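Below: one structure, written as structure tokens.
The values are calculated or read from the model by the stated rules, or taken from the named source; none is laboratory data. These numbers come from a predicted model, not from an experiment. FYI the Cβ positions are ideal-geometry reconstructions off the backbone, even for glycines, and counts take in every protein chain you see.
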Amino acid sequence: MLYARFWHKFLFDLGIVKCPEPFKKLYHQGMILGDNGEKMSKSRGNVVNPDTIVKSHGADSLRLFEMFAGPLSEAKPWSTTGLDGAHRFIERCFRLVDEPEFVGKISATNSGELDFSYNALVKKASEDFEALSFNTAIAQMMVFINDVYKAKSIYRPYLEGFVQIFSCVCPFAGEEMWQKLGHQDLITYAKWPTYDPSKLVKSSVKLAIAVNGKMRDVMEFDVDADEKAVEAAALVNEKVKAYIAGKPIKKVIVVKGKIVNIVI
């Protein structure tokens, strides 16, 4: 960096370049360490040849693993297990546009079941990419894919938006998925997806129902449900009744949006 700044300032003094500094921002990224936590070096014999990894797992798997391993600024140990996991995630995403079981679920009609998950993904990924927080953006991608696998139908614009975000991390797989969705132009030229803030407001929430701190069931309530109504519903829950029958209720603790704990 000192070398680059020296030459740039020299050229600036000569009037060849117009700005006094060559860089607007410097970000120090962490190193990938050996699997023993030590710095990779030939003398230690813990160097991993990226060409070998590209041949065995593909360049996308290597890129995804390194970006998901932790914050960009921190050093991370090499992990073959983590690399395998990255490869499996790519395969899981690719199935959505390749296997009849999932291709048949792609629809031009929005059922609404993925509204929250998709809009949350676009919002978080857009913000995290800007902040270079790649690992958390990838984590949100995984949340979305889990929801897609549970969905009865997959709204095509949502799947296309996901592929655009996914391609920032896995460009080879992303481009092929884009082509399989029927696009002729490169995904690079596609307009970045946007999110609808109104779709980020959940109308219902799932609460854990516990007895003396041990979870017994999960119930779904309206977000604005009255605390007394939540308490009453929890007390008549069939699974809960088996644990509280004939026993005095000392108190019921309702933690909004999280849990109902019945103390006996």
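A few comments on the model shown:
- Selection count, the range 25-74, where residues are closer than 30 Å to Arg5 by Cβ, assigned to a loop (DSSP other than H, G, I, E, B) and of a type in the set (Lys, Arg): 2
- Filter result (closer than 17 Å to Arg156 by Cβ and outside any helix (DSSP H, G or I)) within the range 176-191: Leu181, Gly182, His183, Gln184, Asp185, Ala190, Lys191
- Complete set of residues in the range 1-24 that are at pLDDT 90 or above, in a loop (DSSP other than H, G, I, E, B) and charged (D, E, K, R): Lys18, Glu21
- Of note, Leu132 does not satisfy the criterion of being out of contact with any Asp or Glu (no Cβ under 8 Å at 6 or more places or on another chain), at pLDDT below 95 and surrounded by 18 or more Cβ atoms within 10 Å (Cβ to Cβ).
- Residue that is surrounded by the fewest Cβ atoms within 10 Å (Cβ to Cβ) [pool: residues in the range 192-214 that are assigned to a strand (DSSP E or B) and in contact (Cβ under 8 Å) with a residue 24 or more places away in the chain]: Ala208
- When residues of the range 220-258 are limited to those that are under 12 Å from Leu207 (Cβ atoms) and acidic (Asp, Glu), the one surrounded by the fewest Cβ atoms within 10 Å (Cβ to Cβ): Glu220
- Test for Val169: is it in the same structural domain as Phe94 (by TED's automatic domain parsing), within 18 Å of Ala86 (Cα to Cα) and outside any helix (DSSP H, G or I): yes
- With respect to being of a type in the set (Asp, Glu) and not assigned by TED's automatic domain parsing to the domain that holds Val103, Asp226 fits the description.
- Check on Ser79, within 15 Å of the chain's Cα centre (by Cα), touching a residue at least 12 places away in the same chain (Cβ under 8 Å) and over 20 Å from Ala173 (Cβ atoms): no
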